[in-house]
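Right, one structure below, let's go through it.
The values are calculated or read from the model by the stated rules, or taken from the named source; none is laboratory data. Since we're looking at a predicted model, the values are computed, not measured. Methodologically, a virtual Cβ is constructed for each residue, glycine included, from the backbone with ideal geometry; neighbour enumeration extends over all protein chains shown.
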Amino acid sequence: MKSPLTRLEAPLLWAVAIAAVAACCGPAVAQQAHYHAFADQRAWWCLPNAMDVLSNLPFAVGGLWGLWAIQRQPPSVQRGLAALFFAGLLVAALCSSIYHWQPDDTRLALDRFGMVAAFAGLLGLAVADRSSDRAGLWTAGAVLLWGPLSVAVWSATGNLLPWAVLQGGAMLLLLCLAVYKPLPSAWGIRLGGVMGVYALAKLLELGDHSVFDWTGGWVSGHSLKHAVAALAAWPVLAALPSRTAMHNGAQRPQDAVVR
């Protein structure tokens, strides 16, 4: 017999359904005409667009650090989702570096594919932290399906709406989840920190040329965006239970269900 839905699972299913309808039926959104015209196009020796390429290194550092840190955690759904997130950071570092080496639409599609695993792991972790392990796995699976499909739609039709719904919906979901307390024995990830990092990264991305001008051509907004976005690994790393807590902690009780 299947377990009934927990108090947050039903609204989550409705939210995913509404987002899917919006992505399929909403007006088409086109990519910005000059999207690839980043502010800092300086080359260092044989490395083109050097700062935008090298600024992906913090993603790789966060991913490697996280994969090392979770080895000390006992097997669990949250550990698996964290592994997906940290591995996704490594993939994102590689794909973004390839894109910024020579920006074009084909490599941009690769860049966006590279973000999907990190999105899936982070959102799955947040949902498992506040709702249930089962809902966290559902969420990660939905993102792993939706992400590549939305990139494929953009590549084939030029319609960016499904990808925009995924990104915007992810942040809205984190905002809603932040209102709820973590479940007993959950990791207790500080979702406010994740949202703050994302908001600052988006502002830097939008202000790419302005930041480059303001710093006298020293660094661009997009390069800083990479470094700031990589800080999303920190709230997850900070939430990892210590060995003492793992030794003394109790098993997670059954979640409350909708009556």
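A few points about this structure:
- Qualifying residue in the range 155-174 (condition: at pLDDT below 95 and under 25 Å from Gln73 (Cα atoms)): yes
- Answer residue from the range 36-62, given it is under 21 Å from Trp214 (Cβ atoms) and touching a Pro at 6+ places or on another chain (Cβ under 8 Å) and is surrounded by the fewest Cβ atoms within 10 Å (Cβ to Cβ) among those: Gln41
- From Val165, Val151, Val127, Val116, residue being assigned to a helix (DSSP H, G or I), without any contact (Cβ under 8 Å) to a residue 40 or more places away in the chain and either buried (at least 21 other Cβ atoms within 10 Å of the Cβ) or touching a strand residue (DSSP E or B) at 6+ places or on another chain (Cβ under 8 Å) (or both): Val116
- Taking the range 119-176 as the range and being out of contact with any Asp or Glu (no Cβ under 9 Å at 6 or more places or on another chain) and of a type in the set (S, T, N, Q) as the test, the residues that pass are Thr139, Ser150, Thr157, Asn159, Gln167.
- Among the residues of the range 102-110, not a single one is assigned to a helix (DSSP H, G or I), out of contact with any Phe, Trp or Tyr (no Cβ under 8 Å at 6 or more places or on another chain), at pLDDT 95 or above and buried (at least 24 other Cβ atoms within 10 Å of the Cβ).
Here's the yes/no breakdown for (1) of a type in the set (D, E, K, R); (2) surrounded by fewer than 21 Cβ atoms within 10 Å (Cβ to Cβ); (3) in contact with a Gly (Cβ under 8 Å, 6 or more places away or on another chain); (4) modelled with pLDDT under 95:
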{"site": "Gly193", "(1), (2), (3), (4)": "no, yes, no, yes"}
{"site": "Leu200", "(1), (2), (3), (4)": "no, yes, no, no"}
{"site": "Glu205", "(1), (2), (3), (4)": "yes, yes, yes, no"}
{"site": "Val211", "(1), (2), (3), (4)": "no, no, yes, no"}
{"site": "Thr215", "(1), (2), (3), (4)": "no, yes, no, no"}
{"site": "Gly221", "(1), (2), (3), (4)": "no, no, yes, no"}
{"site": "Lys225", "(1), (2), (3), (4)": "yes, no, no, no"}
{"site": "Ala230", "(1), (2), (3), (4)": "no, no, yes, no"}
{"site": "Ala233", "(1), (2), (3), (4)": "no, no, yes, no"}
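- For the range 168-185, the set of residues classified as in contact (Cβ under 8 Å) with a residue 24 or more places away in the chain and not in a helix (DSSP H, G or I) consists of Tyr180, Lys181, Pro182, Leu183, Pro184, Ser185, listed by residue number.
- Residues of the range 134-148 that are more than 28 Å from Ala28 (Cα to Cα) and either in contact (Cβ under 8 Å) with a residue 60 or more places away in the chain or of a type in the set (Lys, Arg) (or both): Arg134, Ala135, Leu137.
- Condition check for Ser97: over 24 Å from Lys225 (Cα atoms), in contact (Cβ under 8 Å) with a residue 24 or more places away in the chain and more than 16 Å from the chain's Cα centre (by Cα): no
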